[in-house]
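Structure first, then comments.
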Amino acid sequence: MNVQRTVHDSWVEAERHLRIIPRNPELLIFATIQPIMFVVLFVYVFGGAISAPGFSNYDQFLIPGIFSQSVVFGSAFTGVGIAEDLSKGLVDRLRSLPMSRAAVLIGRTVSDLCRNIITFLVMLAVSFWPIGFRFEGSLVEALLATMLLLGFSYSLSWVQAWFGLSVGSVEAANSAGFIWMFPLTFVSSAFVPPETMPGWLEPVANANPFTIVTNAARALYNGNPVGNDALYSILWSVGITVVFASLAIRKFNRSTVA
């Protein structure tokens, strides 16, 4: 594989997807409204009934969890987009071009990462005002926390890419892409401490990689000791990316063989 050619082709493909956003702003708007609704509902509806020991208030505990959930949910666009391109025959047209086949998937995941960054920035603005969330750690720690979240979401984009190539329709990709994300995000430390869960469920939540990433980001945003969670978050993100990028690219090559 020519690395330079793959990088160039991947960016060209990513630009193609990014140019669609101004032409279809509704997609970005709806993708942004959902996390804002989660923030408002959990803070104002459940905030008075849920406590988070060790934090100044529930908002400081919750908001990093909402950040984590939202960027993970944003990865679902990868699977749906790939399934749509396959159903419209766009992938077959790309095959006729002198370009790297891996670039089709890499470009898609990179463009969705860029869209996730936009969604995150909007969420961050809403969380600061009117919710009142603050970075209680340093700016460097906040940037590291954000990079951990976005890196994990990028790794899950490859999982979604594999799903998008494996199912037979856009509707199936949408269902398959979300059905496993709900237990991943809710059986975790995103909204409540795992020790409040039933005894049999607590170890499952603690072993959940989403919990590890959320705990690392939460500690960094709040200026608390992060321990090994940051390292484990990076290892999980790299491991998932390597495994599912390999599976997705192999699946893509087999599904587009003439």
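The values are calculated or read from the model by the stated rules, or taken from the named source; none is laboratory data. Keep in mind the model is a prediction, meaning the values are calculated, not measured. Cβ atoms come from the backbone with ideal geometry, glycine included; neighbour counts cover every protein chain shown.
Listed by first and then second residue, the pairs linking a residue in the stretch 154-166 that is under 23 Å from T119 (Cα atoms) and in contact (Cβ under 8 Å) with a residue 60 or more places away in the chain to a residue that is of a type in the set (S, T, Y) and buried (at least 24 other Cβ atoms within 10 Å of the Cβ), with Cβ atoms under 6 Å apart and 6 or more places separating them unless they lie on different chains, are L156/S75; S157/S75; S157/T78; S157/T109; Q160/S75; Q160/T78; A161/T78.
Inspection of the stretch 21-44 identifies no residue that is at pLDDT 75 or above, more than 18 Å from A76 (Cβ to Cβ), among the charged types (D, E, K, R) and under 22 Å from the mean Cα position of the chain (by Cα). When the stretch 205-258 is limited to residues that are in a loop (DSSP other than H, G, I, E, B) and among the hydrophobic types (A, V, I, L, M, F, W, C), the one that is surrounded by the most Cβ atoms within 10 Å (Cβ to Cβ) turns out to be V226. Inspect the stretch 25-45 for any residue being within 17 Å of A103 (Cβ to Cβ), among the small types (G, A, S) and part of a helix (DSSP H, G or I) and give the result as yes or no. Within the stretch 25-45 (the criterion being within 17 Å of A103 (Cβ to Cβ), among the small types (G, A, S) and part of a helix (DSSP H, G or I)), the answer is no, since none of the residues qualifies. Under the condition of being under 17 Å from the mean Cα position of the chain (by Cα) and either surrounded by fewer than 22 Cβ atoms within 10 Å (Cβ to Cβ) or of a type in the set (S, T, Y) (or both), the residues counted in the stretch 124-160 number 11. Here the stretch 1-39 is the region considered, the condition is being of a type in the set (S, T, N, Q) and farther than 24 Å from A245 by Cβ, and the residue that is surrounded by the most Cβ atoms within 10 Å (Cβ to Cβ) is T32.
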